[in-house]
Amino acid sequence: MTNESRRVLVVDDEDMVTRNLKMLLKTETIFEPVTFNSAEQALEYVKAETLDAIVADFIMPGMNGFDFLKQAKEIQPSASRLLLTGYADKESAIRAINEIGLFYYLEKPWDNDFLLTLLDRATERSQLLRQLSDTTSSLEELRGQILKMLI
Amino acid sequence: MADDPLFEQIPEVMSRLGTDLSIRAQNSLSIERYGNAEGVPCYKAHFGRDERCPGCMVKQVLAMGRTDRWNMADNRSERPTYYEVTIAPILDDEGRVKELIEIIRDDTLKFGVEQHLIQTSEGLEAEVADRSRELEELTTRTDGLREQLSKLREDQTAMVQTEKMASLGRLAAGLTHEIHTPLGALISNLDILNRIISKSDPPDETLKELLELQQLAADRIHKIVRSLRNFAHLDRAEEEPYDLHEGIEASLALLAHQVKGRIEVVREFGDLPAVRCKADAINQVFMNLLQNAVHAIEESGEIRVTTRVEGDQAVLEFRDSGKGIAKEHVEKLFEPGFTTKPRGVGTGLGLAIAYTTMTDHKGEIEVESAPGRGTLFTLRLPIAGGFV
């Protein structure tokens, strides 16, 4: 199950970053990247499609990465959230980790190997979470049926 | 008296008196002033008195047979008048006084001027004394002001320096953020290219070489941006008790390959308690100072690190036997961007970072150096901390 393609959304207002990350993720055939240059557009996608990881830049015009990930968490709590930021200050990092349940706070410039390993774990976690929730609900269903049979 | 031309022509108010002081004769000036007063005693004629004037010297003149002169005041009117009275005896053949010549000179004007001069000079003296006092006060005040001025100048210099550092910090913060994004993409792209090329068979050697060079350039940019970020203290760690000796040892360990066999490191460590500080930042100060010391020693030499407690401060000295710093460079030493090292070796930020780190910790950094005599950096850190 965890070997199915893993869908990663990247949002950064910089085209050079999104294009680069799309290429990087495509070198690893397991990832299926989708990129946006605006948080508002990315949020529409989060509402429509199931994702395994969401990578967001911090400072963007309009909605920033922090608010974007907060809303994404409401919509798809199972998708792992990563903040990839050039603005390195630990206070905002701690706030992000605590308030958005961040999977990882990564600073630019990043190391490709490290990022790929991170995304591997992040997406695996999301898929496992979803499997768990599927299993739990089918168990609930089974339990309901058994109860019905007993009564 | 027409029979005595001298008596008439001397331009003074003159009378001839009998020894009983009655007026026997007057010259015309006397008549002009007092009217005809023949037979009237002088004190009555001249001063309207019924008896001799107080201070009259006629007795002495009669007794001694010698001329006498004195001053008298006439207080009858509101504004007193002053006279100089001269009585000259005229002797008979046996040397007895037979008659007196009296000259009365109105001295009111002269006296007034004298009085005025006396008063004025007294006033002047008082004024001079006042002025001297004022001058003294002014001098004291000027000294105080001068002192304040020099203190203000020092404060101003310090404030300008602090403000300069703060605005550079803000600039660095903004700059690093702006650079991190394209730098991130650049480094990542190079890495992807490397992956693709290493998979191609046979690998294109020219491309590989070019990529290596690109990688070196990107690494250099990354290094500079990291220094800038440290300078701006973007990654704030917590302040906690820290063993400074541990930090010095760690920095020395990192420099071991540059020191080995060439430089002798002497440790004179005192009994330092743990000091509250941001260990990462302080370690960077040690690293910068030690790195500079290593660079300053051209062939062989010594680096001496001394630590001790002074009051509530930890004092650390980093002394090297290197080539020293020119006087004109010492002044600019803590300015960001100032370096004497060749391109690529120094960013010109090391000592600026050290300066900011020390002032942020409410500490101090001082330098003492002369060409050919080595360099001494002294750090002072409050043991109790106090990072701002």
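Values in this text are rule-based calculations from the coordinates and carry no lab data. Quick caveat: nothing in here was measured; it's all calculated off a predicted structure. No Cβ is skipped: glycine too gets one built from the backbone with ideal geometry, and neighbour counts run over all protein chains shown.
Evaluate the charge dipole of the range B:1-152 about its Cα centre and quote only its size in Debye, nearest 20, assuming +1 on the Cβ of each Lys and Arg and -1 on the Cβ of each Asp and Glu.
Dipole size: approximately 240 debye.
Can you classify the range A:1-86 as rounded, prolate or oblate using the Cα gyration tensor, where a ≥ b ≥ c are the square roots of its eigenvalues, rounded means a/c under 1.5, and otherwise it's prolate if a/b beats b/c and oblate if not?
Working: a/c = 1.98, a/b = 1.19, b/c = 1.66.
It comes out oblate by the Cα gyration axes.
Only bridges with both residues in the range A:1-76 count here: give the DSSP antiparallel percent, nearest 5. Write out the running numbers ahead of the final one.
On the way: 0 of 10 bridges.
The antiparallel proportion sits near 0 percent.
Using a 10 Å cut-off around each Cβ, can you sort B:Cys42, B:Cys277, B:Cys56 from fewest to most neighbouring Cβ atoms? Please report the intermediate quantities before stating the final value.
On the way: B:Cys42 25, B:Cys277 30, B:Cys56 19.
Result, fewest neighbours first: B:Cys56, B:Cys42, B:Cys277.
Quick one: putting +1 on the C-beta of Lys and Arg, -1 on the C-beta of Asp and Glu, what dipole do you get for chain B around its Cα centre, in Debye to the nearest 20? Walk me through the numbers on the way to the answer.
Values: 47 positive and 66 negative charges, 264 e Å.
Around 1280 debye, computed over chain B.
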Quiz item: For q = 0.06, 0.14 Å⁻¹, what log10 I(q)/I(0) does chain B give under the Debye formula with an equal point scatterer on each alpha carbon and no solvent?
Solution: -0.50, -1.17
Quiz item: What shape does the range A:75-145 take by its C-alpha gyration tensor, where a ≥ b ≥ c are the square roots of the eigenvalues and a/c under 1.5 counts as rounded, a/b above b/c as prolate, and the rest as oblate?
Solution: oblate
Quiz item: Using 15 Å as the cut-off for backbone N distance, which residues of the range B:60-79 belong to the label zone defined by a point 7 Å from the Cα of B:Arg24 along Cα→Cβ?
Solution: B:62
Exercise. With the Cα gyration tensor of the range B:89-143 in hand, give its eigenvalues times 5 under a square root as the equivalent ellipsoid semi-axes, listed largest first in whole angstrom.
Key: 56, 12, 4
Quiz item: Quick one: if you stick a label point 7 Å off each Cα along the C-beta vector at A:Ile151 and B:Met64, how many nm between them?
Solution: 15.5 nm
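Summing -39500 (n - 2.57) over the DSSP H runs of n ≥ 4 in chain B and dividing by its residue number, what mean residue ellipticity at 222 nm do you reach, to the nearest 500 deg cm²/dmol?
Values: 10 runs with 193 residues, N = 388.
Per the formula, -17000 deg cm²/dmol.
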Self-check item: Descending Cα extents along the principal axes, the range B:108-217, whole Å
Solution: 133, 22, 19
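What pairs in A:Lys47/A:Lys70; B:Lys223/B:Lys327; A:Lys26/B:Lys199; B:Lys199/B:Lys223 have C-alpha atoms more than 19 Å from each other? Walk me through the intermediate numbers first.
Values: A:Lys47/A:Lys70 13 Å; B:Lys223/B:Lys327 30 Å; A:Lys26/B:Lys199 15 Å; B:Lys199/B:Lys223 29 Å.
Table pairs above 19 Å Cα-Cα are B:Lys223/B:Lys327; B:Lys199/B:Lys223.
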Quiz item: Given +1 on the Cβ of Lys and Arg, -1 on the Cβ of Asp and Glu, and no further charges, what dipole in debye does the protein assembly as shown carry about its Cα centre, rounded to the nearest 20?
Solution: 1380 debye
Quiz prompt | Average beta carbon contacts from partner chains per residue of B:171-184, 10 Å cutoff | solution = 5
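Just checking the output field for B:185-195: average partner chain Cβ neighbours within 10 Å of each residue's Cβ?
Working: counts 12, 3, 6, 12, 6, 1, 8, 7, 1, 1, 5.
The per-residue average across the peptide is 6.
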Exercise. Write down the Å³ per residue value for the convex hull defined by the alpha carbon atoms of the range B:46-123.
Key: 109 Å³
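Regarding the range B:274-341, what is the average projected area of its C-alpha convex hull, in nm²?
Values: hull surface 23.7 nm².
For the Cα atoms of the range B:274-341, the hull's average projected area reads 5.9 nm².
Less than 10 Å Cβ to Cβ from B:Thr181, Lys/Arg counted +1 and Asp/Glu -1: what total charge do the surrounding residues give? Working shown, then result.
On the way: positive: A:Lys108; negative: A:Asp12, A:Asp13, A:Glu14, A:Asp57, B:Glu178.
So the environment of B:Thr181 carries a net charge of -4.
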Exercise. Report the convex hull volume per residue for chain A, counting only C-alpha atoms, in Å³.
Key: 115 Å³
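Quick one: plug the Kirkwood hydrodynamic radius of the range B:212-330 (C-alpha pairs) into Stokes-Einstein at 4 °C, 1.567 mPa s, and report D in µm²/s. Please report the intermediate quantities before stating the final value.
On the way: Rh = 16.2 Å.
Taking Rh from Cα pairs, D becomes 80 µm²/s.
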Practice problem: Select from A:Val34, B:Thr306, B:His361 the residue farthest towards the positive end of the dipole of the protein assembly as shown; place +1 on Cβ of Lys and Arg, -1 on Cβ of Asp and Glu, and compute about the Cα centre. | Solution: A:Val34
Quiz item: So how long is each side of the range B:29-76 along the principal axes, counting just the alpha-carbon atoms, biggest first, in Å?
Solution: 31, 22, 18
Self-check item: Cα-projected label distance for A:Leu132 with A:Lys70, points at 7 Å along beta-carbon direction, nm
Solution: 2.6 nm
Practice problem: Using the charge dipole of the range B:53-194 (Lys, Arg: +1 at Cβ; Asp, Glu: -1 at Cβ; taken about the Cα centre), state which of B:Gly144, B:Gln156, B:Val58 has its Cα farthest towards the positive end. | Solution: B:Gln156
Quiz item: Residue farthest toward the positive end of the dipole of chain A, with Cβ of Lys/Arg at +1 and Asp/Glu at -1: which of A:Gly101, A:Thr85, A:Leu132?
Solution: A:Leu132
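Taking square-rooted eigenvalues a ≥ b ≥ c of the alpha carbon gyration tensor, is the range B:272-388 rounded, prolate or oblate, where a/c under 1.5 means rounded and, failing that, a/b exceeding b/c means prolate?
Because a/c hits 1.5 or more and a/b exceeds b/c, the range B:272-388 counts as prolate.
Grab the DSSP H runs of chain A that are 4 residues or longer, score each as -39,500 (n - 2.57), total them, divide by all residues and round the 222 nm result to the nearest 500 deg cm²/dmol.
Working: 5 runs with 84 residues, N = 151.
Helix-only estimate at 222 nm: -18500 deg cm²/dmol.
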Quiz prompt | Hydrodynamic radius (Kirkwood) for the range B:180-232, which is based on Cα pairs only, to one decimal in Å | solution = 12.1 Å
Quiz item: In square nanometres, what is the average projected area of the Cα convex hull of the protein assembly as shown?
Solution: 63.8 nm²
Quiz item: How many percent of DSSP beta bridges within the protein assembly as shown run antiparallel, rounded to 5?
Solution: 65 percent
